[in-house]
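Trainee: Questions regarding the structure given below will be posed in turn.
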Amino acid sequence: MIYKCKHFKLQELVSPLVFNKYGDFGWSFFDAEILKDLDKIREIFGSAITINTWLFGGNTTQCGLRSNMDKMVKYKKNVYCSAHCMGKAFDLHCVDNVRLFGVIYDMIKKGELKAIKRLESRSSTKDAWVHVDSFQTNDIIFLG
């Protein structure tokens, strides 16, 4: 059985190119455990979190799964194997990224997340985000 997030629509997790090509089949591109982790984060955080906002008229389109034809990847000249291209990464946005980072940090340290192992944050720019992925590292990076 394919797991579908309780708190995120598929369009929030994939780029428009991916959704327009694959539709609901896009759920199958993700490991169920990372989707369950996203739901857990949302439930523990208790406030709205966005990933891609294109469905709602926003301008974020590549904060989840990116395809080889999406603009952030399409013009790469070298081999590029990011967690985003494999359906293993998400850039999360909310009104309090610092608190979100802390909540996820605590969840990782307590072993409450099964798939998400890596956490990174950028909060000093207008495009602030908290990046999570399931690559087999334990990097926790705060970029300010």
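The values are calculated or read from the model by the stated rules, or taken from the named source; none is laboratory data. A quick note: this is a predicted structure, and the numbers were derived from the prediction, not measured. Reconstructed Cβ throughout: ideal geometry from the backbone, glycine too, with neighbour counts over all protein chains shown. Only protein heavy atoms, including side chains, enter the accessible area calculation; ligands, DNA and RNA are left aside. Shrake-Rupley method; radii C 1.70, N 1.55, O 1.52, S 1.80 Å.
Trainee: Can you name every one of the helices (runs of 4 or more DSSP H) wholly within segment 1-49 that holds 1 or more residues which are farther than 23 Å from Val103 by Cα?
Mentor: 10-13, 16-22
Trainee: Just checking, does segment 62-73 include any residue being modelled with pLDDT under 95 and of a type in the set (Val, Ile, Thr)?
Mentor: The answer is yes; a qualifying residue exists.
Trainee: List the number of the failed condition for Gly58; all other conditions in (1) assigned to a helix (DSSP H, G or I); (2) within 20 Å of Val130 (Cα to Cα) hold.
Mentor: Unmet condition: (1).
Trainee: Here is a follow-up. Mind counting the residues in segment 35-49 that are surrounded by 15 or more Cβ atoms within 10 Å (Cβ to Cβ), touching a residue at least 40 places away in the same chain (Cβ under 8 Å) and out of contact with any Asp or Glu (no Cβ under 7 Å at 6 or more places or on another chain)?
Mentor: Matching residues across segment 35-49 total 6.
Trainee: Follow-up question, since we're still on this one. I'd like the full set of residues that are of a type outside the set (A, V, I, L, M, F, W, C), touching a Leu at 6+ places or on another chain (Cβ under 7 Å) and either at pLDDT below 95 or surrounded by 13 or more Cβ atoms within 10 Å (Cβ to Cβ) (or both), limited to segment 13-30.
Mentor: Ser15, Gly26
Trainee: If you go through segment 130-141 one residue at a time, do you hit one that is in contact (Cβ under 8 Å) with a residue 12 or more places away in the chain, part of a helix (DSSP H, G or I) and within 15 Å of the chain's Cα centre (by Cα)?
Mentor: Scanning segment 130-141, I find no residue that is in contact (Cβ under 8 Å) with a residue 12 or more places away in the chain, part of a helix (DSSP H, G or I) and within 15 Å of the chain's Cα centre (by Cα), so the answer is no.
Trainee: Cβ-Cβ below 9 Å, separation at least six or inter-chain, first residue in segment 79-92 and on the phi > 0 side of the Ramachandran plot, second assigned to a loop (DSSP other than H, G, I, E, B): which pairs?
Mentor: Close Cβ pairs satisfying both conditions: Gly87/Phe30; Gly87/Asp31; Gly87/Gly64.
Trainee: Tally time: how many residues in segment 54-72 are free of Cβ contacts under 8 Å to residues at least 60 places away in the same chain and buried (at least 17 other Cβ atoms within 10 Å of the Cβ)?
Mentor: Residues flagged as free of Cβ contacts under 8 Å to residues at least 60 places away in the same chain and buried (at least 17 other Cβ atoms within 10 Å of the Cβ) within segment 54-72 amount to 9.
Trainee: Going through Tyr80, Tyr75 one at a time, which residue ends up being in contact with a helix residue (DSSP H, G or I) (Cβ under 8 Å, 6 or more places away or on another chain), open to solvent by 80 Å² or more (accessible area, probe 1.4 Å) and of a type in the set (Phe, Trp, Tyr)?
Mentor: Being in contact with a helix residue (DSSP H, G or I) (Cβ under 8 Å, 6 or more places away or on another chain), open to solvent by 80 Å² or more (accessible area, probe 1.4 Å) and of a type in the set (Phe, Trp, Tyr) holds for just one of Tyr80, Tyr75, which is Tyr80.
Trainee: Restrict the check to segment 95-103 and report whether at least one residue is assigned to a helix (DSSP H, G or I), open to solvent by 80 Å² or more (accessible area, probe 1.4 Å) and in contact with a strand residue (DSSP E or B) (Cβ under 9 Å, 6 or more places away or on another chain).
Mentor: yes
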